[in-house]
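I have placed the structure first, in the form of structure tokens, so that the comments after it can refer back to it.
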Amino acid sequence: MRTYTLGEFACLTGKATSTLQRWDRTGVLAAHRTVTNRRYYTHDQYLSVMGLPPEPETTRGKRTVIYTRVSSRGRRGDLDNSDGTVFDNADTSGRIRKLERRKRRLERSLARSRRANQGKDKEHGWHNYRKILLRKRCVEQRLANIRTERMRRVCDELARRQPSSLTIEHLNVKGMMKNRHLAPALHKQALATFLELVEHTCHRHNIELRQVDRWYPSSRLCHECGWKNTGLTLNMRVWRCPMCGSRHDRDVNAALNLRDATEYQLI
């Protein structure tokens with residue numbers, strides 16, 4: 001079902017935004033809310049305001065079902081949908097890269113200050129060390145806030161599409177963190193925080209949240225013929241099925257396999 005923001009709804013109906021806000025407060029026309037408490041309106045509300053009859057059930061589009069998978073390559077995308085759309089990773093933005101460079105410089109300054117203050121007591125030394133440590137913590141907090149806001153925007157976009165269900169994977173994060181090549185990038189993604197936001201969004205908008213088993217081979221299965229690629233490695237982002245000849249993007253193919261998953265548990 002089509003949804004509209006407050007500004008789009010005001011332009012379509014010819015009403016002022018202040019009027020729509022007043023109607024929302026008084027209950028004349030209650031707006032829906034996203035995770036970040038932003039107003040949005042549905043197409044049925046537009047028809048009621050314009051005095052048009054509601055669409056019959058036979059012509060009304062079915063509610064879409066979204067199947068998402070967190071991309072295993074952080075530099076490409078953050079979230080893949082079964083329709084092929086990819087949400088950009090927050091770490092690819094120039095703002096994040098600039099703050100990461102600043103954080104690395106502060107860490108080097110912190111190490112130099114630590115070596116320079118060896119043997120000094122806390123009363124007569126370590127003053128610059130504490131200043132640099134405070135600056136480093138401020139940068140880390142800014143990075144965390146940017147990534148959390150990006151997760152909220154992704155959840156808002158998923159909620160605006162009004163899916164009937166959402167499918168996620170149960171990842172072995174503890175085991176993946178033991179890989180020293182994956183651990184730094186995986187730690188930045190804050191998957192636990194993202195899962196909490198997704199659960200909150202689904203429960204608030206009555207979306208069925210599904211979770212497939214940890215060992216479900218979403219990346220290895222060909223969504224066209226079901227052939228399993230047992231030799232698939234992490235650095236193979238694109239592969240071709242030898243049985244049907246289909247060319248697959250690793251993350252989009254995994255999202256399509258989550259769409260076809262029949263064994264799952266509800267969260």
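The values are calculated or read from the model by the stated rules, or taken from the named source; none is laboratory data. Owing to the predicted nature of the structure, the values given are computational and were not obtained by experimental measurement. Counting neighbours? That spans all protein chains shown, and the Cβs are built from the backbone with ideal geometry, glycine included. Ligands, DNA and RNA are excluded from the accessible area calculation, which covers all protein heavy atoms including side chains. Shrake-Rupley method; radii C 1.70, N 1.55, O 1.52, S 1.80 Å.
Considering the range 206-228, the residues that are within 21 Å of the chain's Cα centre (by Cα) and of a type in the set (Asp, Glu) include one that is least open to solvent (accessible area, probe 1.4 Å), namely Glu208. Name the single residue, out of those in the range 229-263 being open to solvent by 70 Å² or more (accessible area, probe 1.4 Å) and part of a loop (DSSP other than H, G, I, E, B), that is nearest to Arg161 (Cα to Cα). Applying the filter and picking the extreme gives Asp260.
For every residue, the table says whether it meets (1) of a type in the set (Ser, Thr, Tyr); (2) within 30 Å of Leu197 (Cα to Cα).
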position: Ala111; (1), (2): no, no
position: Arg115; (1), (2): no, no
position: Tyr129; (1), (2): yes, no
position: Leu143; (1), (2): no, yes
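For the range 7-40, taking the residues that are of a type in the set (Val, Ile, Thr) and assigned to a helix (DSSP H, G or I), the one that is modelled with the lowest pLDDT is identified as Thr13. Among what's in the range 231-262 and is acidic (Asp, Glu) and in contact with a strand residue (DSSP E or B) (Cβ under 7 Å, 6 or more places away or on another chain), pick the residue that is farthest from Arg210 (Cα to Cα). In this case the residue turns out to be Asp249.
Residues in the range 28-51 that are open to solvent by 50 Å² or more (accessible area, probe 1.4 Å) and over 25 Å from Leu197 (Cα atoms): Val28, Asp44, Ser48, Met50, Gly51. The condition of being open to solvent by 50 Å² or more (accessible area, probe 1.4 Å), closer than 23 Å to Leu143 by Cα, within 22 Å of the chain's Cα centre (by Cα) and not polar (S, T, N, Q) does not hold for Arg104.
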